[in-house]
Amino acid sequence: FSISVNFSRITIHHRSFYTDFHTIIEKYKIPSHCIEIEITESAFNELSSTIIKMLINLKNEGFNILIDDFGSGYSSLNLLNTLELDEIKIDRIFLNPENAKREQIIGLIVDIAEALNMKVICEGIETKEDIEMLDKLNCKRGQGFYFSKPIPCNEFIKKFKQS
């Protein structure tokens, strides 16, 4: 299975990020295709061309690049054009029942991602109704308390070693 690692804009701007990241990957012999590099949408607004080139290198090395919390900031469709992302993680705010246009917005994001050959995951799933709506919109991946609340590492290992 894949492991998603969420990096802040401060972390990815650190001079030794690329080297430090590879040191850890090599130390634990983790295949690149098993790591998903998550960067929040708001961090992309401040990425320099150097950082974008680094992310392109990481993608070319087989790492998956995800935009996290998509739609929560000042979304720019140009961002989807600038960097070949593997996946969009739709921010949980769109699942809020008070959001009258939630189905339309999520549906459009799913359609855009599909047209760009990207995967989509929706954050914040808490109810069976959320799952039913996402299924109807062809959003087949999700995360949230409906599936599991955060658990300690030893419980995680037990749960997934058994299944």
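Results, tabulated for the structure shown:
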| item | result |
| --- | --- |
| Radius ratio Rg over Rh of region 115-163, counting only Cα atoms, Kirkwood formula for Rh | 1.09 |
| Loop-exposed GluC sites (Glu not before Pro) per DSSP, neighbour cap 12 Cβ within 10 angstrom, longest uninterrupted part of the chain | 99-163 |
| Net +/- balance of residues flanking residue 44 in space, Cβ distance below 11 Å, scoring K and R +1, D and E -1 | -3 |
| The chain - accessible surface per residue (Å², probe 1.4 Å) | 64 |
| Centroid-to-centroid separation of region 77-119 and region 8-66 [C-alpha atoms, Å] | 22 |
| Cα gyration tensor shape for region 57-163, rounded if a/c is under 1.5, else prolate or oblate | oblate |
| Dipole axis of region 1-114 (+1 Lys, Arg; -1 Asp, Glu on Cβ), positive-most option in 65, 88, 113 | 65 |
| Under DSSP loop assignment and at most 13 Cβ neighbours within 10 Å, longest chymotrypsin sites (Phe, Trp or Tyr not before Pro)-free interval of the chain | 75-144 |
| With at most 14 other Cβ atoms within 10 Å, longest stretch of the chain clear of loop trypsin sites (Lys or Arg not before Pro) (DSSP) | 30-100 |
| Difference of contour (0.36 nm per residue) and Cα-Cα distance, residue 100 to residue 160 | 17.9 nm |
| Residue pairs, from the table 128/159; 119/140; 89/140; 29/159, whose Cα atoms sit over 18 Å apart | 128/159; 29/159 |
| Percent accessible area from carbon and sulfur atoms, region 95-163, protein chains only, probe 1.4 Å | 54 |
| Sites residue 129 and residue 46 - FRET efficiency at Förster radius 41 Å, r taken between beta-carbons, to 0.05 | 0.65 |
| Whether region 1-96 is rounded, prolate or oblate, judged on the alpha carbon gyration tensor where a/c under 1.5 counts as rounded | prolate |
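The values are calculated or read from the model by the stated rules, or taken from the named source; none is laboratory data. All values derive from a computational prediction rather than experimental measurement. Neighbour counts are summed over all protein chains in view; Cβ atoms, including those assigned to glycine, are modelled from backbone coordinates with ideal geometry. Keep in mind that these areas ignore ligands, DNA and RNA; they rest on the heavy atoms of the full protein, side chains included. Shrake-Rupley method; radii C 1.70, N 1.55, O 1.52, S 1.80 Å.
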